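Below: one structure, written as structure tokens.
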Amino acid sequence: MIAIIVALIPAVAWGLNPTIVGKIGGKPIQQQLGTAFGAGIFAVAVYAIFRPEITAQLLLGCIISGLFWSFAQLLQYKSYTVLGTGKAYAISTAANLIINALLGIFLMNDWAKPSQKILGFIALAVIIIGAATSSYSQNKEESNLKLGVIMLIVAGVGYAVYSCAPTFVNAGGVEAVFPQAIGMVGGSLFLSLFEKKDIKKFDKLTAKNMIPGFVWAVANITLIYSNKMNSAAVGFSLSMMSVVVSTFATLFILKEKKSKKEMVFLITGTIIVAVGGIMIGLTLLLCSVCAVHIQSI
């Protein structure tokens, strides 16, 4: 029971994060800097408590991970202003699932068995259907939709590097948290140099946006422990419920304006994306089961 509760914390925290950011407000770069600073303070605390060993290779790999996160996260925050928070988060989740799955197939030789490929590609098709459904709008401003989707696909590539880079330096625990934060804060500060000079980068709104940074960091480290307690496949699958939490939170807390038809499409698409995410998790679980079976022969 405790293991399942731990596994659901990332879903709730990541799902509420866009709503917290929306409630606080501010320009995307203020939201970005605040989130990075909050996560950075949390990372310093984690390092002080656990004192993990950090090698030069691990440091470099995780800093790169954090740099790509900062790029991807800023694009995601910008997409909220283009598409609306609920729709953008649903499409972002779909893009992240698809890109990470494809990287796993072509770079890490995942889904080696025919049964894995069948389930995996069905899952990808389900996710694409869910993303298309959630993006429905009665307002035919296609340029906004195309811009938002392009931003989120590019962000998805950044998130993929963020999630994959630590694995190449064998960092899969708390030892990755502090080096990642260095890249996250450094990357966010660098990106802030390219924003308009009339935007106040370090004001009360930036400070308030440290709150979603703490929330994000709690989700991140909890997922590490969830993966150890439940397996990565189960932890990953349950964390995908964040898209459901986010959709309902933005609709009923942020009260984003949508017609009844748009609301039905968004909720339906979100649930379909979540189902696809669970199917990806089942594919990963099938991979691990096959690996254990092969080792036992």
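The values are calculated or read from the model by the stated rules, or taken from the named source; none is laboratory data. On a predicted model such as this, the values are computed, not experimentally measured, just so you know. Using ideal geometry, Cβ is built from the backbone for each residue, glycine included, and neighbour counts are taken over all protein chains shown. Heads up: the accessible areas ignore ligands, DNA and RNA and are worked out on the full protein's heavy atoms, side chains in. Shrake-Rupley method; radii C 1.70, N 1.55, O 1.52, S 1.80 Å.
Of all residues in the stretch 163-183, those that are of a type in the set (A, V, I, L, M, F, W, C) have Cβ atoms under 9 Å from Cβ atoms of residues that are modelled with pLDDT under 85 and open to solvent by less than 20 Å² (accessible area, probe 1.4 Å), 6 or more apart or on another chain, in Cys164/Gly104; Ala165/Ala171. Restricting Leu282, Leu254, Leu223 to those that are hydrophobic (A, V, I, L, M, F, W, C), open to solvent by 10 Å² or more (accessible area, probe 1.4 Å) and not in a helix (DSSP H, G or I) reduces the list to Leu254. Do we find that Gly66 is under 21 Å from Gly172 (Cβ atoms) and either open to solvent by less than 10 Å² (accessible area, probe 1.4 Å) or in contact with a Pro (Cβ under 8 Å, 6 or more places away or on another chain) (or both) in this structure? For Gly66, the condition - under 21 Å from Gly172 (Cβ atoms) and either open to solvent by less than 10 Å² (accessible area, probe 1.4 Å) or in contact with a Pro (Cβ under 8 Å, 6 or more places away or on another chain) (or both) - is met. Residue count for the stretch 177-214 under the criterion of being assigned to a helix (DSSP H, G or I), over 14 Å from Gly26 (Cα atoms) and open to solvent by 20 Å² or more (accessible area, probe 1.4 Å): the result is 8.
Can Gly235 be described as assigned to a helix (DSSP H, G or I), at pLDDT below 80 and in contact with a helix residue (DSSP H, G or I) (Cβ under 6 Å, 6 or more places away or on another chain)? Considered against the rule, which asks whether it is assigned to a helix (DSSP H, G or I), at pLDDT below 80 and in contact with a helix residue (DSSP H, G or I) (Cβ under 6 Å, 6 or more places away or on another chain), Gly235 comes out as yes. Among the residues of the stretch 191-234, those identified as without any contact (Cβ under 8 Å) to a residue 40 or more places away in the chain and of a type in the set (A, V, I, L, M, F, W, C) are Leu193, Phe194.
Evaluating Gln32 against the criteria (1) open to solvent by less than 10 Å² (accessible area, probe 1.4 Å); (2) more than 22 Å from Ser192 (Cβ to Cβ) leaves one unmet condition, (2). If you check Ala101, Ala95 for being within 23 Å of Ala165 (Cβ to Cβ), at pLDDT 90 or above and either under 17 Å from the mean Cα position of the chain (by Cα) or surrounded by 21 or more Cβ atoms within 10 Å (Cβ to Cβ) (or both), only one passes: Ala95.
As for the stretch 108-118, it holds no residue that is of a type in the set (A, V, I, L, M, F, W, C) and either closer than 30 Å to Thr206 by Cβ or under 15 Å from the mean Cα position of the chain (by Cα) (or both).
Restricting attention to the stretch 137-153, the residues that are open to solvent by 60 Å² or more (accessible area, probe 1.4 Å) and within 19 Å of the chain's Cα centre (by Cα) add up to 2. Scanning the stretch 120-136 for residues that are surrounded by 18 or more Cβ atoms within 10 Å (Cβ to Cβ) and in a helix (DSSP H, G or I) returns Gly120, Ala123, Leu124, Val126, Ile127, Gly130, Ala131, Thr133, Ser134. Listed conditions (1) modelled with pLDDT of 90 or more; (2) surrounded by fewer than 18 Cβ atoms within 10 Å (Cβ to Cβ); (3) over 23 Å from Gly84 (Cα atoms) are all met by Ala217, apart from (2).
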